[in-house]
1. How about the stretch 40-111: which GluC sites (Glu not before Pro) there lie in a loop by DSSP and see at most 15 other Cβ atoms within 10 Å?
2. Fewest to most neighbouring Cβ within 10 Å: what's the order for SER71, SER46, SER82?
3. Would you mind listing how long the stretch 47-123 runs along its three principal axes, going by Cα atoms, in whole Å with the largest first?
4. What is the order of PHE104, PHE66, PHE74, fewest Cβ neighbours within 10 Å to most?
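Read the figures in this text as sums done on the coordinates, not as results from a lab. If you're wondering where the values come from, they're calculated on a predicted model, not measured in any experiment. Please note: Cβ atoms are built from the backbone with ideal geometry, for glycine as well, and neighbour counts cover all protein chains shown.
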Amino acid sequence: MTESREVNLLKRISMTNMIPVWLKLMLLGAVTAAVAAGPQDTPPPSGQSLYRRRCVMCHGPEGKGFPALKSPDFTDPKWQASLKDKDLVEVIKNGKKETHMPAFADKLTDDEIKTVVAHIRSLGSKEK
């Protein structure tokens, strides 16, 4: 059985004579706390938070769009029915020619784009 990196590091710190005792204790405490805390995975951002950060300036906080920008009204059932999810993914990834819609392929992961699409779909299901 192999030792974890943390256990190996703890052994190396405790055996080193070049480090003062007070510093050894501080390092041991920090490594022990890190091990006890476990991995610090942050949850992925929600579709709503990504929408607020990337889309709201052109599509509005409620997804109604802005006529001056010719951005679509995501709350319109006809608009919702006119596009499949794969079409929305394509537009978000690559932008839309002859419009102000930029490409987000280099700014959002595929999973993030899918969560934005899910959020856009939820805007069409809200009661008016």
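1. Passing sites in the stretch 40-111 are GLU62, GLU98.
2. SER82, SER46, SER71
3. The Cα atoms of the stretch 47-123 stretch 28, 25, 22 Å along their principal axes.
4. PHE66, PHE104, PHE74
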